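Some notes on the structure that comes next.
The values are calculated or read from the model by the stated rules, or taken from the named source; none is laboratory data. Source: prediction; values computed, not measured. No Cβ is skipped: glycine too gets one built from the backbone with ideal geometry, and neighbour counts run over all protein chains shown.
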Amino acid sequence: MLFHATHRHSYQTCHAHDEARKAKIMQAVEASAEIGIKIHGIYVDPPGHVGYFVLEADTMEQVVQFFDPMLELGDADIHPVMSMQAALDALKQN
């Protein structure tokens, strides 16, 4: 299952210039495979303090575990997503 997650943080909780906070992000990324997360992409808007994640996981619990080290750094908005073709194919089945 694919998930799109947007992680927003404030200037005050920005990890760009804080090694301890930066380590929390790296901890999540480095542990992703161990918990069954495949990262398709991570994109950032540094001045906007926003990160965009495209993740693949079997369960929402894995996604929650992935974001656990980052919880104190900001807010995550997570949505399951599918390709446009998969959505069209699903509509044809009805």
Q. Looking at the range 1-24, which of the residues that are hydroxyl-bearing (Ser, Thr, Tyr) and surrounded by 12 or more Cβ atoms within 10 Å (Cβ to Cβ) is modelled with the lowest pLDDT?
A. THR13
Q: Quickly run through the range 37-58 and pick out the residues that are touching a residue at least 24 places away in the same chain (Cβ under 8 Å), more than 19 Å from CYS14 (Cα to Cα) and out of contact with any Leu (no Cβ under 8 Å at 6 or more places or on another chain).
A: ALA57, ASP58
**Q.** From the options GLN85, GLN27, residue that is in contact with a Pro (Cβ under 7 Å, 6 or more places away or on another chain), assigned to a helix (DSSP H, G or I) and surrounded by fewer than 15 Cβ atoms within 10 Å (Cβ to Cβ)
**A.** GLN27
Q: Residues being surrounded by fewer than 16 Cβ atoms within 10 Å (Cβ to Cβ), under 15 Å from MET1 (Cα atoms) and touching a residue at least 12 places away in the same chain (Cβ under 8 Å): count how many of those fall in the range 61-82.
A: 4
Q) Is it fair to say GLN12 is part of a helix (DSSP H, G or I) and of a type outside the set (D, E, K, R)? A) no
Q | Search result, residues across the range 44-79 that are assigned to a helix (DSSP H, G or I) and either more than 16 Å from GLU30 (Cα to Cα) or among the aliphatic types (A, V, I, L, M) (or both) | A | PRO46, PRO47, GLY48, MET60, GLU61, VAL63, VAL64, MET70, LEU71, GLU72, LEU73
